[in-house]
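Data block below; observations after.
The values are calculated or read from the model by the stated rules, or taken from the named source; none is laboratory data. Just so you know, these numbers come straight off a predicted model, no measurement behind them. Methodologically, a virtual Cβ is constructed for each residue, glycine included, from the backbone with ideal geometry; neighbour enumeration extends over all protein chains shown. Remember, those area values only see protein heavy atoms, side chains included, never the ligands or the DNA or RNA. Shrake-Rupley method; radii C 1.70, N 1.55, O 1.52, S 1.80 Å.
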Amino acid sequence: MPPVLSLSNLKVNFSTDSGPVWAVENLSYSLNANQTLAIVGESGSGKSVHALSILRLLPPPPHCKVEGEILFHDKNLLNLPPKEMRKVRGNKIAMIFQEPMTSLNPVLTIGEQIAEPLMIHKGKSRAEALKEAARLLERVGISDAKSRLNNYPHQFSGGMRQRTMIAMALSCNPEILIADEPTTALDVTIQAQILELIKELQKEFHMAVILITHNIGIVADMADQMIVMYSGRAVETASMTSLFNQPSHPYTQGLLNAIPSLDSKKERLESIPGRPPDLKNRPRGCPFSPRCPEVQARCRENDPPFFDIGDGHKANCWLMETKMVSPP
């Protein structure tokens with residue numbers, strides 16, 4: 001089966017008073033039906049910007065310029081007329097945004113907000129859409145769903161608002177669900193419930209899922225493939241099993257070492273020293289070189305290519321030159 005979504009050399013450039021900022025550079029991947037792809041990295045690595053570019057929710061030119069190719073089946077979403085894009089956005093490709101309190105409209109009831117995409121994309125009457133909205137709220141675990149339709153977002157807890165966002169995203173039975181930091185600001189038990197709910201609904205609705213997170217630990221038992229992003233670029237791509245068993249890029253190793261473990265005998269968690277580079281003034285060579293514990297002289301001068309380590313596992317690091325199974 002061909003992939004449902006394929007990105008090729010995606011680039012996102014923002015115009016600022018101090019010059020252009022490349023928020024995403026040369027990002028490529030394919031997403032298959034029913035597959036879960038995790039995209040991880042620190043804040044500012046380009047994860048959310050890349051997701052917004054898929055749905056064409058970024059500012060129009062000249063404020064923002066998106067290059068490359070985003071194929072949904074055989075359609076390049078970057079070339080679709082606005083009217084055709086509206087048929088895809090929220091219908092075929094849906095998104096759970098990072099902060100539900102700012103994503104939900106505070107002056108509309110929960111029921112109206114879930115019913116709206118059903119009326120727009122599915123042609124349902126208001127009564128039919130509200131009935132379906134109640135069923136969706138119940139499906140995502142909100143009790144007394146019918147009466148809750150008349151509540152406003154501020155009357156819901158953080159976990160309930162996130163469940164509402166999931167219900168809205170699933171209302172039109174999308175082929176692809178993009179979950180952008182779906183567990184942000186939730187306590188640990190609610191985080192686990194939300195992730196388990198997404199897993200269950202993926203099986204039920206037969207969706208492909210793009211899961212965006214800065215916490216590499218929460219996706220360990222959920223994703224099939226993983227992309228690690230740093231400074232707007234993919235630095236390592238692999239299957240989940242391969243990446244956890246053989247993390248190859250020093251940045252990926254740093255993220256994994258920062259995960260708390262009950263078995264660890266260390267008194268303090270490890271951290272990655274320094275901070276991500278300014279996207280307006282990236283260092284020469286590898287952007288991770290100022291923070292890398294294994295930096296070499298050439299890392300500061302030459303940006304490494306992607307080295308193929310085997311079985312689709314690739315890393316953007318000069319250390320992989322001796323481990324590659326095929327030339328980059």
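Of note:
- Among the conditions (1) crowded, with 20+ Cβ neighbours inside 10 Å; (2) in a loop (DSSP other than H, G, I, E, B); (3) of a type in the set (A, V, I, L, M), residue 320 misses just one, which is (2).
- Filter pass, residue 204 being open to solvent by less than 30 Å² (accessible area, probe 1.4 Å) and charged (D, E, K, R): no
- Residue match in the range 143-163 (condition: in contact with a strand residue (DSSP E or B) (Cβ under 9 Å, 6 or more places away or on another chain), part of a helix (DSSP H, G or I) and closer than 18 Å to residue 95 by Cα): yes
- Of the criteria (1) more than 27 Å from residue 184 (Cβ to Cβ); (2) buried (at least 17 other Cβ atoms within 10 Å of the Cβ), which one residue 1 fails: (2)
- Scanning the range 257-289 for residues that are at pLDDT 90 or above and among the hydroxyl-bearing types (Ser, Thr, Tyr) yields a single hit, 289.
- Scanning the range 288-303 for any residue that is assigned to a helix (DSSP H, G or I) and open to solvent by less than 60 Å² (accessible area, probe 1.4 Å) turns up at least one such residue.
- Yes/no for residue 224 being within 30 Å of residue 207 (Cβ to Cβ) and surrounded by fewer than 18 Cβ atoms within 10 Å (Cβ to Cβ): yes
- Among the criteria (1) of a type in the set (S, T, N, Q); (2) under 30 Å from residue 42 (Cα atoms); (3) part of a helix (DSSP H, G or I); (4) open to solvent by less than 50 Å² (accessible area, probe 1.4 Å), the one residue 91 does not fulfil is (3).
- Looking across 256, 269, one residue alone is open to solvent by 70 Å² or more (accessible area, probe 1.4 Å), aliphatic (A, V, I, L, M) and over 30 Å from residue 18 (Cα atoms). It is 269.
- Scanning the range 154-166 turns up one or more residues that are at pLDDT 90 or above, crowded, with 17+ Cβ neighbours inside 10 Å and within 18 Å of residue 121 (Cα to Cα).
- Residue satisfying all of: in the range 58-80; within 17 Å of residue 94 (Cβ to Cβ) and in contact with a strand residue (DSSP E or B) (Cβ under 7 Å, 6 or more places away or on another chain); surrounded by the fewest Cβ atoms within 10 Å (Cβ to Cβ) among these: 72
Residue by residue, here is whether (1) open to solvent by 70 Å² or more (accessible area, probe 1.4 Å); (2) in a loop (DSSP other than H, G, I, E, B); (3) closer than 16 Å to residue 174 by Cα; (4) not aromatic (Phe, Trp, Tyr) holds:
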| site | (1), (2), (3), (4) |
| --- | --- |
| 22 | yes, no, no, no |
| 25 | no, no, no, yes |
| 43 | yes, yes, no, yes |
| 56 | yes, yes, no, yes |
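- Filter result for residue 198 (touching a residue at least 12 places away in the same chain (Cβ under 8 Å), within 15 Å of the chain's Cα centre (by Cα) and open to solvent by less than 20 Å² (accessible area, probe 1.4 Å)): yes
- Residue check, residue 327 at pLDDT 90 or above and either surrounded by fewer than 16 Cβ atoms within 10 Å (Cβ to Cβ) or among the acidic types (Asp, Glu) (or both): no
- Candidates 175, 236, filtered to the one that is charged (D, E, K, R), modelled with pLDDT of 95 or more and open to solvent by less than 10 Å² (accessible area, probe 1.4 Å): 236
- Candidates 110, 96: the one that is under 21 Å from residue 182 (Cβ atoms), modelled with pLDDT of 95 or more and open to solvent by less than 20 Å² (accessible area, probe 1.4 Å) is 110.
- Of the residues making up the range 87-142, those that are polar (S, T, N, Q), touching a helix residue (DSSP H, G or I) at 6+ places or on another chain (Cβ under 9 Å) and within 17 Å of residue 162 (Cβ to Cβ) are 98, 103, 105, 113.
- Scan of the range 113-140 for residues that are open to solvent by 50 Å² or more (accessible area, probe 1.4 Å), of a type outside the set (Lys, Arg) and not in a helix (DSSP H, G or I), ordered by number: 123, 125
- Lone qualifier among 278, 263 - being closer than 26 Å to residue 303 by Cβ and part of a loop (DSSP other than H, G, I, E, B): 278
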